[in-house]
């Protein structure tokens, strides 16, 4: 049995917005057409003849739903760009991309869109199910809200929804693999929503400091396969310095990295192949495996590295000291990189480091985006599935291009290597599962690993019963929904 598998999701290489600080933009993006144009002429033995490249077949069937209003329950109140329904064209690139995509899908199906943005989405979702009021067609929920409504049997198994092809690249493939159980899918993300871009974790580096300290180019290290945990730590400690010699590490000193504890530790752990989450076996059955030797060794390696936190390895911050040139690296949600375009120093984007050079490839944390969840009381699944598929398909070439433009515009637009790094990051995403997340994520990242704990093994022994209990409870629900006798 192995830790979560890795699958590429190609053609989804873009982002922007922000959890807290992504700046607004006033540019516009070009729409990539879904059909190719007529080719030029070519010489043949019979003379010049014009050859026409056939247009690709649009896989989404045009339907007429008679002006139906497709309704979202939108739980996203965290990001700058949180609305799924934009009423008119705008100079703001992201909003305008949503408007244009919705227009295309709306015309395809003769529908309109509406949304209710909720500050208590899980409660509102459940209340609607209990009232049987059919108040929305699809909800967008974070995993910590989506999974409980599944366990409460309030969400529909996607195997029951027609017209959806989850093998297509516009459905984020690694999220499907991460969040399924027993090969059942109840919530997923696609190119339709921006938050699966916004929530990805990555590293930025200060090019000026790399040059000043004569360090190896992080780009070269990544491309050579030598961007490892030890190389990362080495470069951090070369730059780290108590600038005024007062023995106190403050924002006025030089640090290896600027990053918030939870995001930082989770990024590193995912990057070295020991994501702080449950594992799943070849039958898509969840189990606890972080206490196995392979993962314990990796956890211990990060704990040992964190002993250098008191010597300037990492500043528990939000990007300010990186922006001011006082940290070599920044780690955070990739949406928060956009404001760095205006910083004085040039910077680049790179993936999380590998455990060692023997690790096959780079791994990057997809974070916790908002997922599509379909209520179990849906009244027309044929319509719901068709529209969900259409929204995902129609987003490609519009939403993705807008995010690349938003994120890379300005200083970074002159840096082709950052574009290549984004391609790499978005093709190697891993996700943690909400099962037992309260035991495996924050306590591990914010407390034990961040503070170089020596009691990891004893902690796992103390919480093992609770972790197994949550796993068994979830499996009981899934088996019941599948019609499997759980009393056997």
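Quick notes on this one:
- Count - residues of region 84-102 that are surrounded by fewer than 16 Cβ atoms within 10 Å (Cβ to Cβ) and either closer than 27 Å to residue 368 by Cβ or touching a helix residue (DSSP H, G or I) at 6+ places or on another chain (Cβ under 9 Å) (or both): 4
- The set of residues in region 195-210 being under 16 Å from residue 324 (Cα atoms) and out of contact with any strand residue (DSSP E or B) (no Cβ under 8 Å at 6 or more places or on another chain) consists of 208 alone.
- Considering region 158-181, the residues that are touching a strand residue (DSSP E or B) at 6+ places or on another chain (Cβ under 9 Å), assigned to a loop (DSSP other than H, G, I, E, B) and buried (at least 16 other Cβ atoms within 10 Å of the Cβ) include one that is modelled with the lowest pLDDT, namely 172.
- Lone unmet requirement of (1) assigned by TED's automatic domain parsing to the domain that holds residue 219; (2) in contact with a strand residue (DSSP E or B) (Cβ under 6 Å, 6 or more places away or on another chain); (3) crowded, with 20+ Cβ neighbours inside 10 Å for residue 287: (3)
- When region 73-129 is filtered for residues that are in a loop (DSSP other than H, G, I, E, B), in contact (Cβ under 8 Å) with a residue 24 or more places away in the chain and farther than 26 Å from residue 145 by Cβ, the ones remaining, listed by number, are 91, 92, 110.
- Every test in (1) more than 17 Å from residue 200 (Cα to Cα); (2) at pLDDT below 95 is passed by residue 384 save one, and that test is (2).
- Those helices (runs of 4 or more DSSP H) of region 372-450 in which at least 2 residues are crowded, with 23+ Cβ neighbours inside 10 Å and out of contact with any helix residue (DSSP H, G or I) (no Cβ under 9 Å at 6 or more places or on another chain), considering only elements entirely within it, cover 381-395.
The values are calculated or read from the model by the stated rules, or taken from the named source; none is laboratory data. Because the structure is a prediction, the values reported are computed rather than measured. All Cβ positions, glycine included, derive from the backbone under ideal geometry; neighbour counts span all protein chains shown.
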